[in-house]
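Trainee: Let me begin by handing over the structure; questions about it come next.
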Amino acid sequence: MSYYSIKNLEHYFKAYKKSVKDPKAFWDKIADENFTWYRKWDKVLEYDMQEAEFNWFDGAKLNITKNCIDRHLAKRGDKTAILFEPNDPKEEAQHITYKQLYERVAKMANVLQEQGITKGDRVCIYLPMIPELAVSVLACARIGAVHSVVFAGFSAKALETRINDSDCKIVITADGGFRGSKTIDLKGIVDDALENCPDVKSVLVVKRTNAEITMKEGRDHWLQPLLDMASGNHVAEIMKAEDPLFILYTSGSTGKPKGMLHTTAGYMVYTAYTFKNVFRYEENDVYWCTADIGWITGHSYIVYGPLLNGATTVMFEGVPSYPDFGRFWEIVEKHKITQFYTAPTAIRALAKENLDYVENHDLSSLKVIGSVGEPINEEAWHWYNDHVGKKRCPLVDTWWQTETGGILISPLPFVTPTKPTYASLPLPGVQPVLMDELRNEIEDNQVVGSLCMKFPWPGMARTIWGNHQRFKETYFTAYPGKYFTGDGALRDEVGYYRITGRMDDVVIVSGHNLGTAPIEDAINEHPAVAESAIVGFPHDIKGNALYGFVILKETGAGRDPNNLRKEINELITDQIGPIAKLEKIQFVPGLPKTRSGKIMRRILRKIAEGDFSNFGDISTLLNPEIVEEIKENRI
Ligand code: WT7
């Protein structure tokens, strides 16, 4: 029986059972029947959870872009692969067919090779949501270079850190980017970053906004003339199954961002399989994921998953509020979108606006609607389900992470009955467990625990670039023999999972995963700041917002607090980006600390939330009196 495309609940249970009883046979068949290989594998899987070593499809040879593009040419050459919807609704949408995509990727691949980029080199991509972004990603994969896409909302400092961490040789960027009514000076940001990146030898620049920019002689090149000269054919590099495909940075709870490394064959099999089933893609569907390719959602479910299935995937350059709050629904109507995938933060923002924005558009093309990025609250779930899905389209609440490569827990539309706020059941091949405080596996239902995975899946990250020890410690040590997700979850009486949120010092703001430590580091650079602690607190639209508790040095004491707040947020914008700005900043004389010097964030979190009911045990605090003082001056 084929399990590539799950038809109904019974079929799902069969697939699931098979995938747990014999995972190797399960993935062997999926990989064997649905992809093009130069050579097949000798072994499906070898692994060691203690050492965090995973080897999927050992011995196989392939190129992922042959699977994303070439193999579709015969049957789908004239089908739209990428449908580009520009920021400005008056600018015409672009339909890029599979044939055209082949040629654009081939040209880009040739340009990169002419720039001296070869297999294994790292390429930094810092582009807005324009077709060149997807084309660059695929061109890297075509030549075996490792792409490292940095979200074009990150600051020069953040870009610099990421370029240097993975030692990128080249940067692909644009003269600027459009975002709603704003334009962003991307090239200026790249120039600033590169002051401290000695190993970057060349920069390729896409023309998008026609902004005046400076081009550094010998380093910077306009991309278009190079593409015009390049051949439109390219022989793909032959890659091994575990050759690196890309690095994508995600925030850690401490220190610098983690460059999660994904490899070729497992990622391909997993993103293709999950895309097919979670969105139930059918041949003439037009699928739209509103994420940015700068995040894993865009990698797996705008580029790779859809193209692997020969889908039409929409790339939207703009924002949901421009030119007005009806933009998403206008696009759904205009392109007859069948699957629509967005984030709770966008839903909450749109739900606040007049319902006419939704109702003035014909959304009858929709078949499946999806959510990703953070827990979706009950109210947002119902608004989305009622007004967008019209109670007719299944709402898939998809739980996963940058580290997991693809969706692990989600309803399958028309298969799994949905339940508000529940990500529901694991995909075939995924084995979640809940762990208690004593590190024992919880067998019962209707309990909350720490969400772990007890068996590998093909799409998982293989390491943190340059730091396997950190990979092991972060994910495979807390619960020996298991992958620790960092999230807590509740399992209900029938085995459905509801994700309750992060258990570590990561806060999800508008769907962006932010580590508190790097933000604190940025604030502490302010000359008037002695120390700081950041926590998240619930926010109507953003899901969470950031609350900063800041201790000033004497030099700061006489200064206007509002000016200080502004300067602190400017520092954060410079170091990380505007997404990490603090909503509230309270100046405090001290922070609640344990005798070992650890800040008791749990208390700060409660104060930020305005919940003064039960601080729990504060007897281990060195300075319990500070709690009262901070509480009284809360803003
Ligand atoms: C964290 C991972 C996966 C792509 C976007 C975020 C939270 C993600 C859900 C969901 C509840 C969710 C988790 C997870 N999260 N999706 N459907 N329900 N929480 O990727 O930046 O790596 O963040 O996002 O806390 O650990 P990421």
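Trainee: Assuming 0.36 nm per residue, please report the length gained on full extension of the stretch GLN94 to GLN446 beyond their Cα-Cα distance. Could you put the intermediate results ahead of the total?
Mentor: Numbers: separation 352, 0.36 × 352 = 126.72 nm, distance 4.91 nm.
This chain segment gains 121.8 nm when fully extended.
Trainee: Using alpha carbons only, what's the Rg to Rh ratio of region 133-250 with Rh from Kirkwood?
Mentor: Numbers: Rg = 14.8 Å, Rh = 15.3 Å.
Answer for region 133-250: 0.96.
Trainee: Would you mind computing, in nm to one decimal, how far apart the modelled labels at GLN469 and ARG392 are, each placed 7 Å from Cα along Cα→Cβ?
Mentor: 5.9
Trainee: By the 4.7 Å beta carbon criterion, which cysteine residues of the chain come out unpaired?
Mentor: Cysteines of the chain left without a disulfide-compatible partner: CYS68, CYS140, CYS197, CYS289, CYS393, CYS452.
Trainee: Also, quick follow-up: Could you state the per residue volume, in Å³, of the convex hull enclosing the Cα atoms of region 273-322? Intermediate values should be presented prior to the final figure.
Mentor: Values: hull volume 3.8 nm³, N = 50.
About 77 Å³ per residue, rounded to a whole number.
Trainee: Distance in nm between label sites at ASN633 and GLU525, each 7 Å beyond Cα in the beta-carbon direction?
Mentor: 2.6
Trainee: Report, in whole Å, the centroid distance computed from the Cα atoms of region 564-631 and region 334-368.
Mentor: Using only Cα atoms, the two centres lie 37 Å from each other.
Trainee: Starting from the Cα-Cα distance between LEU73 and ASP185, subtract it from 0.36 nm times their residue separation and give me the gain in nm to one decimal. Let's see the in-between values first.
Mentor: On the way: separation 112, 0.36 × 112 = 40.32 nm, distance 3.70 nm.
Going from the current span to full extension adds 36.6 nm.
Trainee: Amide H of LEU245: which non-local residues (sequence gap of 5 or more, or other chain) have their own amide H closer than 5 Å, using H built in the peptide plane?
Mentor: HIS262, THR263, THR264
Trainee: Now a separate question. Taking the Cβ of each residue in MET229, MET453 as the centre, tally the other Cβ atoms inside 10 Å and list the residues starting with the fewest. If you can, show how the numbers build up before the last one.
Mentor: Working: MET229 11, MET453 21.
Listing MET229, MET453 from fewest to most nearby Cβ atoms yields MET229, MET453.
Trainee: Kindly state, to the nearest 0.05, the FRET efficiency for THR118 paired with HIS221, given R0 = 22 Å and r defined as their beta-carbon distance.
Mentor: Numbers: r = 18 Å, r/R0 = 0.83.
Working from the Cβ atoms, E equals 0.75.
Trainee: Right, another one. Listing SER251, SER410, SER155, SER321 from the residue with the fewest other Cβ atoms within 10 Å to the one with the most, what is the order?
Mentor: Values: SER251 24, SER410 28, SER155 21, SER321 16.
Exposure proxy ranking, most exposed first: SER321, SER155, SER251, SER410.
Trainee: Mind checking region 1-51 for GluC sites (Glu not before Pro) that DSSP puts in a loop (not H, G, I, E or B) and that have at most 14 other Cβ atoms within 10 Å?
Mentor: On the way: sites: GLU10, GLU33, GLU46, GLU51; in loops: GLU51.
Sparse-neighbourhood loop GluC sites (Glu not before Pro): GLU51.
Trainee: If region 447-493 were replaced by its equivalent ellipsoid, with semi-axes equal to the square roots of 5 times the Cα gyration tensor eigenvalues, what would those be, largest first, whole Å? Working shown, then result.
Mentor: Details: eigenvalues 105, 27, 14 Å².
One finds semi-axes of 23, 12, 8 Å for region 447-493.
Trainee: Considering the convex hull of the alpha carbon atoms of region 380-442, report its projected area averaged over all viewing directions, in nm², one decimal. Mind dumping the intermediate values first?
Mentor: Details: hull surface 22.7 nm².
The directionally averaged projection comes out at 5.7 nm².
Trainee: Where does the charge balance sit around LYS169 when Lys and Arg score +1, Asp and Glu -1, over other residues with C-beta under 11 Å from its C-beta?
Mentor: Values: positive: ARG122, LYS201; negative: ASP121, ASP167, ASP199.
Net charge in that neighbourhood comes out at -1.
Trainee: Now for a different question. Taking a quarter of the surface of the convex hull around the Cα atoms of region 348-423, what do you get in nm²?
Mentor: Values: hull surface 21.4 nm².
Result: a mean projected hull area of 5.3 nm².
Trainee: Filter the trypsin sites (Lys or Arg not before Pro) in region 276-376 down to the DSSP loop ones having no more than 15 other Cβ atoms within 10 Å, then list what survives.
Mentor: Working: sites: LYS276, ARG280, ARG327, LYS334, LYS336, ARG348, LYS352, LYS367; in loops: ARG280, LYS336, LYS352, LYS367.
Counting only loop positions with at most 15 other Cβ atoms within 10 Å, the trypsin sites (Lys or Arg not before Pro) in region 276-376 are LYS336, LYS352.
Trainee: Mind listing the phi-derived Karplus ³J(HN,Hα) values for region 304-316, rounded to whole Hz, using 6.51, -1.76 and 1.60 with θ = phi - 60°, and x for any glycine or proline?
Mentor: Result, rounded to whole Hz: 5, x, x, 5, 4, 9, x, 8, 9, 10, 8, 10, 10.
Trainee: Which whole-number value in Å³ per residue fits the convex hull of the alpha carbons of region 14-170?
Mentor: Values: hull volume 29.3 nm³, N = 157.
Residue-normalised Cα hull volume stands at 186 Å³.
Trainee: Next up: With viscosity set to 0.890 mPa s at 25 °C, what whole-number translational diffusion coefficient in µm²/s follows for region 275-400 from Stokes-Einstein and a Kirkwood radius over Cα pairs? Present the calculation step by step, with values, prior to reporting the outcome.
Mentor: On the way: Rh = 14.4 Å.
The diffusion coefficient I find is 170 µm²/s.
Trainee: While we're looking at this one, here's another question. List, in the order given, every pair from LYS119/LYS207; LYS367/LYS391; LYS18/LYS454; LYS90/LYS334; LYS61/LYS119; LYS18/LYS66 whose Cα-Cα distance in the structure shown is over 18 Å. Intermediate results must be reported in sequence, preceding the final value.
Mentor: On the way: LYS119/LYS207 27 Å; LYS367/LYS391 11 Å; LYS18/LYS454 16 Å; LYS90/LYS334 13 Å; LYS61/LYS119 14 Å; LYS18/LYS66 29 Å.
Where the Cα-Cα span goes over 18 Å, the pairs concerned are LYS119/LYS207; LYS18/LYS66.
Trainee: Here's something else I'd like to know. Hand me the trypsin sites (Lys or Arg not before Pro) from region 51-99 located in a DSSP loop with no more than 14 other Cβ atoms within 10 Å, in residue order please.
Mentor: Values: sites: LYS61, LYS66, ARG71, LYS75, ARG76, LYS79, LYS90, LYS99; in loops: LYS79, LYS90.
The qualifying sites are LYS90.
Trainee: Right, here's the next one. Work out, in µm²/s and without decimals, the Stokes-Einstein translational diffusion coefficient of region 447-591 at 20 °C, 1.002 mPa s, Rh from Kirkwood over C-alpha pairs. Write down the numbers at each step before the final one.
Mentor: Values: Rh = 17.5 Å.
Reported coefficient: 123 µm²/s.
Trainee: Computed over the Cα atoms of the chain, what is the ratio Rg over Rh, Rh following Kirkwood?
Mentor: On the way: Rg = 24.2 Å, Rh = 25.3 Å.
That ratio equals 0.95.
Trainee: Quickly estimate the mean residue ellipticity at 222 nm for the chain, helices only: each DSSP H run with n ≥ 4 gives -39500 (n - 2.57), and the total goes over all residues, rounded to 500. Walk me through the numbers before you get to the answer.
Mentor: Numbers: 21 runs with 190 residues, N = 635.
Rounded to the nearest 500, it is -8500 deg cm²/dmol.
Trainee: What is the spin-label model distance, in nm, from GLN50 to SER321 if the labels are put 7 Å beyond Cα along the C-beta direction?
Mentor: Each label point lies 7 Å from its Cα, and together they span 5.3 nm.
Bear in mind these aren't lab numbers, they're just calculated from the coordinates by the rules spelled out. Treat the numbers as computed from the prediction; the structure is a model and nothing was measured. Quick reminder, even Gly has a Cβ in these numbers, built from the backbone with ideal geometry, and neighbours come from all protein chains shown.
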